[in-house]
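Engineer: What follows is a single structure, and I will ask about it in a moment.
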Amino acid sequence: MYKTNGEKNSMDIKFVSKGKASHSSMPENGFNAIDPFMSLLLDANKVFCDEKIKQDSMAPLIFNTTIIKGESQVNSIPNHATAEVNARTIPEYDNEKIISELSKLVHLMKQTMTPYTKEIKISPISPVTDASNLVQGKPDDFPFIISGPDNDTSHQVNENVDKQM
């Protein structure tokens, strides 16, 4: 919902990716957590920085990737990465429309993960994860993706993830 006609809204978006660390000389032993951001952010820029977006009220929608963080040393494949974006929305392309477009990224994540597992399910889960802390203060329909193994070993002595995953 757009709250004012006097100024643009500001919306901060944080993407989190989990990979598998390895030495940079053996990237095949890991999964670079930064790689999913490469196409995701380029695609998002194509969608949100399109000059065809109607902008009668207060100039264009602004969508800027401002922070990308990964590994802290150059010779390691990162197992965790974040990308942060600041969007300045306009009445013609408001926060809800940004959220709607970003929700489609679930399918992009599914495509990215397909080579690493046999089956990917998109569904709610009953266990509690860090997501419960990360979504505090967000609206009920805030899009959030948790990716992980599909087995019954959570919090068990034999808790595991398939090597390929």
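Only the coordinates and a few stated rules stand behind these numbers; no lab work does. Here the structure is a predicted model, which means the values were calculated and not measured. Every residue, glycine as well, gets a Cβ built from its backbone with ideal geometry; the counts of neighbours run over all protein chains shown.
Engineer: Within 10 Å of each candidate Cβ there may be at most 11 other Cβ atoms; applying that plus a DSSP loop requirement, which GluC sites (Glu not before Pro) in region 86-117 survive?
Structural biologist: Passing both the DSSP loop test and the Cβ count: no residue.
Engineer: Ok, one more. Using the Karplus curve 6.51 cos²θ - 1.76 cosθ + 1.60 with θ = phi - 60°, work out ³J(HN,Hα) for each residue of region 20-37 in order, rounded to whole Hz, and write x for Gly and Pro.
Structural biologist: Using θ = phi - 60°, the values come out as 9, 5, 7, 6, 5, 7, 10, x, 5, 8, x, 9, 6, 5, 7, 3, x, 6 Hz.
Engineer: Apply the Karplus parameterisation 6.51 cos²θ - 1.76 cosθ + 1.60, with θ equal to phi minus 60°, to every residue of region 72-79 and state each ³J(HN,Hα) to the nearest whole Hz, in sequence, with x for glycine and proline.
Structural biologist: With the stated coefficients, region 72-79 comes to 9, 9, 6, 9, 10, 6, x, 9 Hz.
Engineer: Here are some pairs, LYS54/LYS104; LYS20/LYS52; LYS138/LYS163; LYS18/LYS52; LYS97/LYS163; which of them have Cα atoms lying more than 32 Å apart in this structure? Before the final figure, lay out each step's value.
Structural biologist: Details: LYS54/LYS104 21 Å; LYS20/LYS52 39 Å; LYS138/LYS163 34 Å; LYS18/LYS52 34 Å; LYS97/LYS163 38 Å.
Where the Cα-Cα span goes over 32 Å, the pairs concerned are LYS20/LYS52; LYS138/LYS163; LYS18/LYS52; LYS97/LYS163.
Engineer: Same structure, new question: Please give me the summed charge of the neighbours of ASN29: other residues whose Cβ is under 14 Å from its Cβ, Lys and Arg +1, Asp and Glu -1. Don't jump to the answer; show the numbers that get you there.
Structural biologist: Working: positive: LYS20, LYS163; negative: GLU28.
Neighbour charge sum, excluding ASN29 itself: +1.
Engineer: Follow-up. Under a 5 Å amide H to amide H cut-off, with H placed in plane at 1.01 Å, what residues pair with HIS80 once short-range neighbours are removed?
Structural biologist: HN-HN under 5 Å from HIS80: GLY19, ALA33.
Engineer: Here's something else I'd like to know. Given contacts defined as C-alpha pairs under 8 Å and at least six residues apart, what's the relative contact order of region 1-83, whole-number percent?
Structural biologist: Value for region 1-83: 40 percent.
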